[in-house]
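Structure record follows, encoded as structure tokens.
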């Protein structure tokens, strides 16, 4: 009978404590996630590869999709190698963002974002301006650190491709 009471007590306590919902400060987590996006843009402007790489997860199953046809990476190392080559050719990079949206998962462990970014780049003695680059992605919190696990950038087509 003692074993039954012990088992009953254990199951009851386990049930009570496993059903307790932990409170997450979504405002604080949102600020931490937004800091990753600030660092992402700052890294490009400073051509700081280490800062850029710190924005991305080390997980082997991330997806990074750039604007150029061949810019698809499934890990941050290969993306970093390509970005290093780009940084070596850029003499200046300036970014301005607008329309930033960041939505938090209720659990506080994931967030997804959208922002439009204007890029000004000097490379090879030429100046390039790209307006309204759409940047979307997913951030995950892992080991108390927010990092990008999915990123997609695209250059919108002006007007409508097909009238509707």
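Things to note:
- Over all pairs of different C-alpha atoms in segment 90-139, the reciprocal of the mean inverse distance, the Kirkwood hydrodynamic radius, equals 12.4 Å.
- Shape of segment 80-164 from the C-alpha gyration tensor: oblate (a/c of 1.5 or more and a/b not above b/c, with a ≥ b ≥ c the square roots of its eigenvalues).
- Taking every DSSP helix (H) stretch of at least 4 residues in the chain, weighting each as -39,500 (n - 2.57) and dividing the sum by the residue count yields a mean residue ellipticity at 222 nm of -11500 deg cm²/dmol.
- Protection proxy ranking, peptides 84-92, 130-138, 36-44, average beta carbon neighbours within 10 Å, highest first: 36-44, 130-138, 84-92
- Whole-number D in µm²/s for the chain (Stokes-Einstein; Kirkwood sum over Cα pairs; 37 °C, 0.692 mPa s): 179 µm²/s
Coordinate-derived values only; no laboratory data. Just so it is clear, the structure is predicted and the values come from calculations on it, not from any experiment. Reconstructed Cβ throughout: ideal geometry from the backbone, glycine too, with neighbour counts over all protein chains shown.
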